[in-house]
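The values are calculated or read from the model by the stated rules, or taken from the named source; none is laboratory data. Keep in mind the model is a prediction, meaning the values are calculated, not measured. Cβ coordinates were reconstructed from backbone atoms using ideal geometry, including for glycine residues, and neighbour counts include every protein chain displayed. Just so you know, the surface numbers come from the protein's heavy atoms only, side chains and all, with ligands and any DNA or RNA stripped out. Shrake-Rupley method; radii C 1.70, N 1.55, O 1.52, S 1.80 Å.
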Amino acid sequence: MGALLHLSNKKWHFPAFVFQFVTLSQVLLALVSCFRMDSSCQGTIRKLPTFHICASVADVVRETSIEKVQLPKGETWSVHKFGGTCVGSSDRIRNVAEIIQNDDSERKLVVVSAMSKVTDMMYDLIDKAQSRDDSYIAALDAVLEKHRLTALDLLQVDDLANFLSRLHHDIDNLKAMLHAIYIAGHATESFTDFVVGYGELWSAQILASLVRKNGTDCNWMDAREVLIVSPAGSNHVDPDYLESEKRLEKWFSQNPSRTIIATGFIASTPQNIPTTLKRDGSDFSAAIMGALFRARQVTIWTDVDGVYSADPRKVSEAVVLKTLSYQEAWEMSYFGANVLHPRTIIPVMQYEIPIVIRNIFNLSAPGTMICRSSVNELEEGQRLESSVKGFATIDHLALVNVEGTGMAGVPGTASAIFAAVKDVGANVIMISQASSEHSVCFAVPEKEVGAVAKALESRFRQALDAGRLSQVAVIPNCSILAAVGQKMASTPGVSATLFNALAKANINVRAIAQGCSEYNITLVVKREDCVRALRAVHSRFYLSRTTIAMGIIGPGLIGSTLLDQLRDQLMLAIIPSSLWQAAVLKEKFKIDLRVMGITGSKTMLLSDTSIDLTKWRELQKEKGEVADLEEFVRNVHGNHFIPNTVLVDCTSDSSIASHYCNWLQRGIHLITPNKKANSGPLDQYLRLRALQRKSYTHYFYEATVGAGLPIISTLQGLLETGDKILQIEGIFSGTLSYIFNNFIGTRAFSEAVVEAKKAGYTEPDPRDDLSGTDVARKVIILARESGLKLELSDIPVQSLVPEPLRGCASPEEYLQQLPQYDHDMSKKRQDAEDQGEVLRYVGVVDVANKKGTVELGRYKKDHPFAQLSGSDNIIAFTTERYKQQPLIVRGPGAGAQVTAGGIFSDILRLASYLGAPS
């Protein structure tokens, strides 16, 4: 099957095809490789030996009298493909042989790649030889040694001797061919394809010998004798199935076997010149063989458990898909998912042969089956299969936008655009055109965009100068995110869910495309947003954990209590659920909270992953740095792997509240018990609420009124369902509720105040509570929620701090002097008791009259306000629906635990809004 060349005392067996594509000069240059060169003569020939070419062997094998064996086709055959990592070492080749022997199929065809890294090594040999780098000789020796050692470890006696003899023969031929390339300084594509294909030949021979050694009769197949392909453009080939079937029948008649080990990646042209199947060629080989044999199944063995719903390196919660349709696999692979090359699926689709992706390192995993249609069934622990099967991304893209009024209604504009793109050899990944025909935008690889833009500007120079086209704009640093699923077709709401998830993660979409088949929705986002976008949409469709980056501002009493509550819930996730009845954030609520930062007024603690809440206090002391609010926010919001960010402001600081608008504009969600923003200047409040309503960021502030009581949400629920608020009246201060609940009998008012302070109900300075300002802020918040446009100064407040004591230098001085004024409060108490009433400090929102008040009121002893105990709050909503009997909300209204609990409730509510299951 080749030509024998005699030169001096050496012989080389060059394949016959060599003489079909090399020029005479190249042959002569190849022959020079055997001449002895004198370095002192700088390469001049010292002696010119005589040579002659012997008669060449015919390329066509003559017919023999061997009785032909008919090739059986159909489901008795199973096809396996093992990639380079699967045959990367002796142990792995043994594992492959074991899998082959354990397959109980009646007949098996096994396609193998070259050993791991060998194909790269072979390409490197070509590169070195073309560059006239002498190290190609040592590199070829390394290839020889790799296979020699593998054979020594796996084969015995005759098989070993036969393989090593063939290996050394092949290496000698390669040396001669590489030296010809070295002298010519160039290798044709056919030379390159011939050289790189040796890796598959060697791995197939080694595996076939090992399988025979283990007791299974098998033959190995050089696929170049069977597979015939024709070039089909850049880096593509088309199989000639008719000719390949003829050659397969012939090969099998001469090499009948129930187990065949075939080379992947390599094939021949119709002129019998060796070539390759290009990218992912071994998978393609397996699919072609599956079609030729009409096999029952093609199994692609790799190093992952199957096809994932998203790249598991970017989405840790990605799941292995049990099934994919051919179309779904096609779409996902086109958009960069590590599935199969799209062309791999084509050969098997015609015969509806399923492809199974399995992990050779985890045989217990069933893998992913790619077949005619996906199966709609319940999977363990999951809902019915999602309409979106998977998500894939392509990075390093740029958008090119061609726009202008002169494009509308002008035939051939799009054709001219893409003809210019074709001329520079660029690959268009996605196209989107406005229905007005005013603009066409498309995505191309970023490395090609410069040439594309230049070509378009040149092609449309006249139109640009005349103003018919306004611009050819390039938008760099883009990525594509594609959602794929056969059941997306005609399923309402898929796009809405997809874009809602992106909006809530504050991700802007640059361009959109969807085919009429509805198998995929493709969108373009900024590259920096791509991973966040992927995680956001995956968590929405697959109900995987909604990951939220959290920053805690103000680790004081309330903030530290919240951190402890988070710690307790997060710790439950690592303890067997049988030991706990409590809810578990990660497992029950599907929320993955990452506290990325904690900051006080002086010190902050930051983390790139998540702060260990079991020892956050110690870490703050050890690793804390000087507080910088902007750096803190940048750290919490800067992790592109986490789609959602929330800041929790546990302070009462108005300067912190002044940043809320900016944070919401940046796509950061806010949760706070801080009343300063909602009770501050009216114009700032209205701007804050307008911003929150028009964006997809969330601003929750339940704990600003009533600590953990559902007062804000109750009011919002009444308004949203069309009820009309007439009046809101309540005891809004847990501190003052406690004081007046204990201001009974002969007890002095000052004693009740001191007791409340010792119990931790008051602010450090009790005057902050007794002044009524805190209640007034809550009244303003509820008034504004009800639609009243009031300023804090519009609320008349009855202060319980005697005028002379308002200027006391310290809380201690105030408490020391307070008993002097007990008589006034005792008299008010007595007057109320004489009328069968009690004193209560209340706030009133009179919606009907558009006003609010804060005052000390008197209530009959059978009134709900008179029946409180401890630090309970009580709020009465009088509405059109609840006019005769107000709607009452009552419960603890003070204390760090309940306030932190209210914040925690808002965190869970935010997570449900962001996609966590409710």
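Tell me whether the stretch 452-462 contains one or more residues that are out of contact with any Phe, Trp or Tyr (no Cβ under 7 Å at 6 or more places or on another chain) and under 27 Å from Tyr326 (Cα atoms). Within the stretch 452-462, not a single residue is out of contact with any Phe, Trp or Tyr (no Cβ under 7 Å at 6 or more places or on another chain) and under 27 Å from Tyr326 (Cα atoms).
Considering only residues that are polar (S, T, N, Q) and crowded, with 22+ Cβ neighbours inside 10 Å, which ones fall in the stretch 334-357? Correct list: Thr344 only.
Taking Leu914 as the residue in question, decide whether it is more than 12 Å from Ala707 (Cβ to Cβ) and in contact with a helix residue (DSSP H, G or I) (Cβ under 7 Å, 6 or more places away or on another chain). When the stated conditions are applied, Leu914 passes them. Looking only at residues in the stretch 594-628 that are touching a strand residue (DSSP E or B) at 6+ places or on another chain (Cβ under 7 Å), under 18 Å from Gln565 (Cα atoms) and in a loop (DSSP other than H, G, I, E, B), the one that is most open to solvent (accessible area, probe 1.4 Å) is Ser610.
Residues in the stretch 210-228: is at least one more than 30 Å from Gln101 (Cα to Cα), touching a strand residue (DSSP E or B) at 6+ places or on another chain (Cβ under 9 Å) and assigned to a helix (DSSP H, G or I)? No, there is no match, as no residue in the stretch 210-228 is more than 30 Å from Gln101 (Cα to Cα), touching a strand residue (DSSP E or B) at 6+ places or on another chain (Cβ under 9 Å) and assigned to a helix (DSSP H, G or I).
Mind listing whichever residues of the stretch 290-304 are assigned to a loop (DSSP other than H, G, I, E, B) and surrounded by fewer than 20 Cβ atoms within 10 Å (Cβ to Cβ)? Of everything in the stretch 290-304, those that are assigned to a loop (DSSP other than H, G, I, E, B) and surrounded by fewer than 20 Cβ atoms within 10 Å (Cβ to Cβ) turn out to be Arg294, Arg296, Asp303, Val304.
Does Tyr913 meet the test of being open to solvent by 20 Å² or more (accessible area, probe 1.4 Å) and either under 21 Å from Ser679 (Cβ atoms) or within 47 Å of the chain's Cα centre (by Cα) (or both)? Spelling it out, Tyr913 is indeed open to solvent by 20 Å² or more (accessible area, probe 1.4 Å) and either under 21 Å from Ser679 (Cβ atoms) or within 47 Å of the chain's Cα centre (by Cα) (or both).
Residues checked against (1) under 46 Å from the mean Cα position of the chain (by Cα); (2) open to solvent by less than 30 Å² (accessible area, probe 1.4 Å); (3) in contact (Cβ under 8 Å) with a residue 24 or more places away in the chain:
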residue	(1), (2), (3)
Ser105	yes, yes, yes
Leu125	yes, yes, yes
Asp133	yes, no, no
Glu145	yes, no, no
Ala151	yes, yes, yes
Gln156	no, no, yes
Leu178	yes, yes, yes
Ile181	yes, yes, yes
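Identification of helices (runs of 4 or more DSSP H) wholly contained in the stretch 703-769 with 1 or more residues that are within 21 Å of Gly902 (Cβ to Cβ) and in contact (Cβ under 8 Å) with a residue 24 or more places away in the chain yields 711-720, 734-742.
Meeting the requirement of 3 or more residues that are within 27 Å of Thr762 (Cβ to Cβ), open to solvent by less than 10 Å² (accessible area, probe 1.4 Å) and in contact with a helix residue (DSSP H, G or I) (Cβ under 7 Å, 6 or more places away or on another chain), the strands (runs of 3 or more DSSP E) wholly within the stretch 837-909 are 837-846, 872-879. Sub-7 Å Cβ pairs linking a first residue in the stretch 427-440 that is in a loop (DSSP other than H, G, I, E, B) to a second residue that is crowded, with 16+ Cβ neighbours inside 10 Å and modelled with pLDDT under 90, at least 6 apart or interchain, are Glu437/Met407; His438/Glu403; His438/Met407, ordered by first then second residue.
Being among the β-branched types (Val, Ile, Thr) and open to solvent by less than 10 Å² (accessible area, probe 1.4 Å) is the filter; apply it to the stretch 703-724 and report the residue that is nearest to Pro886 (Cα to Cα).
Result: Ile711.
Quick one: in the stretch 212-223, of everything that is open to solvent by 40 Å² or more (accessible area, probe 1.4 Å) and in contact with a Leu (Cβ under 9 Å, 6 or more places away or on another chain), which residue is farthest from His341 (Cα to Cα)? Among those that are open to solvent by 40 Å² or more (accessible area, probe 1.4 Å) and in contact with a Leu (Cβ under 9 Å, 6 or more places away or on another chain), it is Lys213.
Taking first residues from the stretch 660-681 that are among the aromatic types (Phe, Trp, Tyr) and partners that are assigned to a helix (DSSP H, G or I), the Cβ contacts under 6 Å between residues at least 6 apart in sequence or on separate chains come to Tyr660/Leu688.
Across the stretch 293-321, what is the total count of residues that are in contact (Cβ under 8 Å) with a residue 60 or more places away in the chain and more than 22 Å from Val96 (Cβ to Cβ)?
Of the residues in the stretch 293-321, the ones in contact (Cβ under 8 Å) with a residue 60 or more places away in the chain are 293-303, 305-311, 314-315, 317-319, 321.
Still in the list and also more than 22 Å from Val96 (Cβ to Cβ): 294, 308-311, 314-315, 317-319, 321.
Adding up the residues that qualify gives 11.
Of the residues making up the stretch 651-702, those that are open to solvent by less than 20 Å² (accessible area, probe 1.4 Å) and in a loop (DSSP other than H, G, I, E, B) are Gly667, Ile668, Thr672, Pro673, Asn674, Ala677, Asn678, Ser679, Gly680, Thr697, Tyr701.
Within the stretch 633-646, can one find any residue that is at pLDDT below 90, within 27 Å of Val705 (Cβ to Cβ) and not basic (Lys, Arg)?
Let us first name the residues in the stretch 633-646 that are at pLDDT below 90, namely 638-644.
Within this subset, residues satisfying the condition of being within 27 Å of Val705 (Cβ to Cβ) are 644.
With the extra rule that they be not basic (Lys, Arg), the set shrinks to 644.
So far as the stretch 633-646 goes, yes, one or more of its residues are at pLDDT below 90, within 27 Å of Val705 (Cβ to Cβ) and not basic (Lys, Arg).
Within the stretch 487-534, the set of residues being part of a helix (DSSP H, G or I) and surrounded by fewer than 21 Cβ atoms within 10 Å (Cβ to Cβ) comprises Lys487, Ser495, Ala496, Thr497, Phe499, Asn500, Ala503, Arg527, Glu528. Is it fair to say Gly787 is in a loop (DSSP other than H, G, I, E, B) and within 25 Å of Ile711 (Cβ to Cβ)? Against the criterion (in a loop (DSSP other than H, G, I, E, B) and within 25 Å of Ile711 (Cβ to Cβ)), Gly787 qualifies.
Based on this model, can you work out whether Thr645 counts as closer than 24 Å to Gln565 by Cα, open to solvent by 30 Å² or more (accessible area, probe 1.4 Å) and either out of contact with any Pro (no Cβ under 7 Å at 6 or more places or on another chain) or of a type in the set (Gly, Ala, Ser) (or both)? When the stated conditions are applied, Thr645 does not pass them.
One residue alone among Ser458, Ser415, Ser470 is of a type in the set (Ser, Thr, Tyr), closer than 22 Å to Gly515 by Cα and either open to solvent by 20 Å² or more (accessible area, probe 1.4 Å) or touching a residue at least 40 places away in the same chain (Cβ under 8 Å) (or both), and that residue is Ser415. Please determine whether any residue of the stretch 64-80 is closer than 15 Å to Ser203 by Cβ and modelled with pLDDT of 95 or more. Checking the stretch 64-80: at least one residue is closer than 15 Å to Ser203 by Cβ and modelled with pLDDT of 95 or more.
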